[in-house]
1. Which of the numbered conditions does residue B:132 fail, given that it passes all the others? Conditions: (1) assigned by TED's automatic domain parsing to the domain that holds residue B:169; (2) outside any helix (DSSP H, G or I); (3) within 28 Å of residue A:83 (Cα to Cα).
2. Name the residue that is surrounded by the fewest Cβ atoms within 10 Å (Cβ to Cβ), counting only residues in the stretch B:19-40 that are modelled with pLDDT of 75 or more and either over 15 Å from residue B:66 (Cα atoms) or at the interface with another protein chain (Cβ under 7 Å from one of its Cβ atoms) (or both).
3. Among the numbered conditions (1) under 16 Å from residue A:13 (Cβ atoms); (2) at pLDDT below 90; (3) within 20 Å of the chain's Cα centre (by Cα), tell me where residue B:10 comes up short.
4. Among the residues of the stretch A:51-87, write down those that are within 14 Å of chain B (Cβ to nearest Cβ) and in contact with a helix residue (DSSP H, G or I) (Cβ under 6 Å, 6 or more places away or on another chain).
5. Consider residue B:193 against the criteria (1) in contact with a strand residue (DSSP E or B) (Cβ under 8 Å, 6 or more places away or on another chain); (2) at pLDDT 50 or above: it satisfies all of them except one. Which criterion is unmet?
6. Go through the stretch A:32-43 and give me each residue that's more than 15 Å from residue A:61 (Cβ to Cβ) and in contact with a helix residue (DSSP H, G or I) (Cβ under 7 Å, 6 or more places away or on another chain).
7. Name every residue in the stretch A:138-150 that is without any contact (Cβ under 8 Å) to a residue 60 or more places away in the chain and within 7 Å of chain B (Cβ to nearest Cβ), in order of residue number.
């Protein structure tokens, strides 16, 4: 398969999807957040064929999202538990759930909802946030700039994106204080941002 | 395929994944956020076979994530643009990107990064948030309770989950003020939360 700018083997979204982007895989992670641990629990709750489940669980263990431990002396009963890396998928699962609740809910409404444990109140809608002010950002308030792994091809594409945004009247992303216009300078090794 | 509790045709996560969970589909949405509009742009940037791209674009248009418009008088040049429903996928894309940056980044680091346009500073890590205090919530601070579409089978499973959490020393989710323990009462039509 041909790969081009922001080559998919380097893009973090593509790399994340390569591990967790398969439909069943994220539902397995959802079940793990809902307390599932044993093969039979995943099997009965997801209604998934054992061979497919086994393959997906192994992939998640190999990828470090789940860890497997024996739960009995004989070692026959295995428990699959989320690792720290797996628990870090919580924002992905929550963002998907909220989008589904809003735009793809079943006619009777969602069967479950997410609340803050301490108050019982539904959690806030997720949004990208400013690291400076903590305020929610709209998609247009978020800009894409070169990362440490950017190639010349990525920088060329970013220049195209800047031109397209300018034509739409959007300002270029500011340079963070002290970094001397790093975002706008095509350079193989851009300054890392704080 | 067998469906069981939190039946996948009703769960918002499953319904969301059914529409956008396919690997290429989310990468198409990523490209749309990066300014891609024309078939040829998606094709060259994703290195995707035209028949697969065509199928995925049609699915996204049918699903209301993208809308298609003619960009020339002749109607030959088509532009695919995100709808409001599509733009609402921004938190999903950002959460995936941040997880990938953290746990699946390429050896040289990510090719691109997301910054606040006004400041140039990388955006904050996404997290579920309290609707009351706006503070970030850990996965354990978020509880699952019955939603408006809950069936008896869902309520039974939630009761199991509560028992499992209690065994782990986690408190049950609080009832929101004024709703009289709605979360803990198995009832076909649970009180809607504010």
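The values are calculated or read from the model by the stated rules, or taken from the named source; none is laboratory data. No experiment lies behind these values; they were computed from the predicted model shown. All Cβ positions, even for glycine, are placed from backbone atoms using ideal geometry, and neighbour counts span all protein chains on display.
1. (3)
2. Step one: filter the stretch B:19-40 for residues modelled with pLDDT of 75 or more, giving B:24-40.
Checking which are either over 15 Å from residue B:66 (Cα atoms) or at the interface with another protein chain (Cβ under 7 Å from one of its Cβ atoms) (or both) leaves us with B:26-27, B:30, B:33-35, B:40.
On the way: B:26: 22, B:27: 23, B:30: 22, B:33: 17, B:34: 18, B:35: 17, B:40: 12.
By that ranking, first place goes to B:40.
3. (1)
4. A:53, A:56, A:63, A:64, A:65, A:66, A:82, A:85, A:87
5. (2) is the only condition that residue B:193 fails.
6. Filtering the stretch A:32-43 down to residues more than 15 Å from residue A:61 (Cβ to Cβ) leaves A:33-35, A:40-41, A:43.
Answer for the stretch A:32-43, where residues must be more than 15 Å from residue A:61 (Cβ to Cβ) and in contact with a helix residue (DSSP H, G or I) (Cβ under 7 Å, 6 or more places away or on another chain): A:33, A:34, A:35, A:43.
7. A:139, A:141, A:142, A:143, A:144, A:145, A:146, A:147, A:148, A:150
Conditions tested, residue by residue: (1) at the interface with another protein chain (Cβ under 7 Å from one of its Cβ atoms); (2) modelled with pLDDT of 95 or more; (3) touching a helix residue (DSSP H, G or I) at 6+ places or on another chain (Cβ under 6 Å).
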position: B:101; (1), (2), (3): yes, no, yes
position: B:124; (1), (2), (3): yes, yes, no
position: B:129; (1), (2), (3): yes, yes, no
position: B:136; (1), (2), (3): no, yes, no
